[in-house]
Amino acid sequence: MNLREIKTLIAAGETVISVVAPVRERLTILSLLHKELTSQLKLPMYLWNLGQGQQFKSVNYNEHDERVVIEEGFEFGECNQSTPGQRMIAALKFFREVTHAGIFVLENLPACIQGIDGNELKSLLINTYSELTANESSKVLILLVTDEIELPSTLSGLIETLELPLPTSDEIAELILSYLPTLTGKLLDTQEVAALTTAAAGLTKEDIKAGLRQAIAKRVNCVPLLGSKLRVASAPEALNAAQSDQEQETEIVRSRSVRLAQSLLNYKINRFASFNLNFVPEPNVYDFGGLDNLRQFIQDAKRDFAPEARAANIPLPKGCLLVGPPGTGKTLAANVSARELGFPLVSADTGAVAAGGATYLKRLLTRVEACAPILLYFDELDKLFTANTISGEESGSQQILGTLLTWLQDKRSAVFVVATLNRLDALPPELTRVGRFDEIFYVGFPTAIERKQIITLHASRFDERYHCVDSPLSEAQWRILLGKTVNCTGAELARMVEKAARKLFHQSLPIQIGLHELLVEREAMVPLYVRDTDRILAIENRARYVAQPAAIEDTSIYAPPITTFWGEI
């Protein structure tokens, strides 16, 4: 629930409420609580955390400079207990006994609840909730959780949890308009605000302020001032000079805006990395060969994101699953898809999701949605749903699954999800049913014409002749090479070309990659299909009747002849 609903909860009789927010937003939360509650309910606010010992401090808000002021409050007696849990228990017991009406904020609950007195602390919170509710108390207890960890299940079903939402684009623009001039002394134009708003999407308000301060500190917006004229110019010259100066000034402002937005974007990339999210504003990847069905799907999705599709009530695309053996180009296809859609790409670490659980996934999805339109990429999605040998299921995986299913079903934002995996049977059936993803594609071993496209694509990076319409290899040579590379993955073909180019370079020879050089590297390679045939065939067979092929049928002159029991057709 949104934090701004806290007054509604208190009016409804909820007197113990949990508030979850990033630690950098701690003062923002305190100021918001003070403005929303203290002035409305006419109640003082007090704060306790582990760093304050046995003292509740008074919290006030200075409206003149818009900052939180934490002052001396009152002691609640001696406490010789050393563990964090026991110290919070002492603070809670004092809260229950005190007769003062007010808003009491307690921090550090997750740290305090980890220990031998965790169960006692949980019980004390349950008893506190029951007593406050039954007696219609004028005291309100706020549990401020700044490490973004949810309450234990025994408490989460009882205590309402509120979150500080990420700022909307309008709120970001308003923040930039009011805050940045205090750092630069310059007013902003509409284009500057729009560029900075886009760069700041997905950050909290305090993160945005920190990013702007760092950008200014790096002097990204400092440019030399225009020099004055030394001679007296004629009227036409003066007019031309004024126009030239105005154009230069406009260019300086534009350049400053671009650099400032780029600096803020770099800050966001680093912040996202701290959350195990890899944010790529513009995927810089080369094209992939083949996969024409997938290409067409992406082009159709691009049209479905257009405003005309909204006017026609076409639903927003959800995304697709890419299943297939390792090295067949699934990750590359996801990056190229982002480029084709014109979206930034954010890659989620499935290991971090598995470790952080449903709570981390919720935070991740909230942050990603704030950056929309965007492509969200999950690599090796099947690793999130590894079954337990005892129960066959893991509670953590089930919570992650429930969060992901709900989000995919209810998603109304322009987030296009691409997830890759090797084993389709590892996914729960609920995740592959119609309505979760738009399509499931099987990305298998490239066909003959796709192998030709992949080899040409990579060879052209080293040998200019492959850019020409007339390939340096004849049709007969292509047939030989394609026959030798059956069941080679795209990654293996790329590696084959790169090794051929590197060997020529090491021998100080012109990098002209021919059939001989490619066949030498092919013979030196043991493809994945040869090394692990059984598992590769199992991956293909399990996906055959569930997924549609990412590639169209090969009808080129290089396609192998169709054979039957009686021979070729």
> Any idea which residue in region 527-551 is modelled with the highest pLDDT, counting only those that are surrounded by fewer than 16 Cβ atoms within 10 Å (Cβ to Cβ), within 21 Å of Glu450 (Cβ to Cβ) and among the hydrophobic types (A, V, I, L, M, F, W, C)?
Replying inline: Val530
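Restricting the search to region 130-188, which residues are of a type in the set (Val, Ile, Thr) and part of a helix (DSSP H, G or I)?
The answer is Thr133, Thr154, Ile172, Ile176, Thr182, Thr184.
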>> Just the residues that are over 21 Å from Val145 (Cα atoms) and surrounded by fewer than 16 Cβ atoms within 10 Å (Cβ to Cβ), please, taken from region 32-70.
In response: Ser39, Gln40, Lys42, Asn62, Glu63, His64, Asp65, Glu66
> Applying the selection to region 502-555, what residues are among the acidic types (Asp, Glu), assigned to a helix (DSSP H, G or I) and more than 36 Å from the chain's Cα centre (by Cα)?
Replying inline: Glu517, Glu521, Glu523
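Mind listing whichever residues of region 54-68 are over 19 Å from Leu37 (Cα atoms) and without any contact (Cβ under 8 Å) to a residue 12 or more places away in the chain?
Asp65
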> For region 32-83, how many residues meet the condition of being closer than 22 Å to Glu5 by Cβ and part of a strand (DSSP E or B)?
Replying inline: 5
> Out of curiosity, is Phe94 in a helix (DSSP H, G or I) and either under 30 Å from Arg367 (Cβ atoms) or not polar (S, T, N, Q) (or both)?
Replying inline: yes
>> For region 123-157, give me the residue count where each residue is closer than 18 Å to Arg96 by Cα and surrounded by fewer than 19 Cβ atoms within 10 Å (Cβ to Cβ).
In response: 13
>> Based on this model, can you work out whether Glu475 counts as farther than 22 Å from Ala333 by Cα, acidic (Asp, Glu) and free of Cβ contacts under 8 Å to residues at least 60 places away in the same chain?
In response: no
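The values are calculated or read from the model by the stated rules, or taken from the named source; none is laboratory data. What you see is a predicted model, and the numbers here were worked out from it, not measured in a lab. Counting neighbours? That spans all protein chains shown, and the Cβs are built from the backbone with ideal geometry, glycine included.
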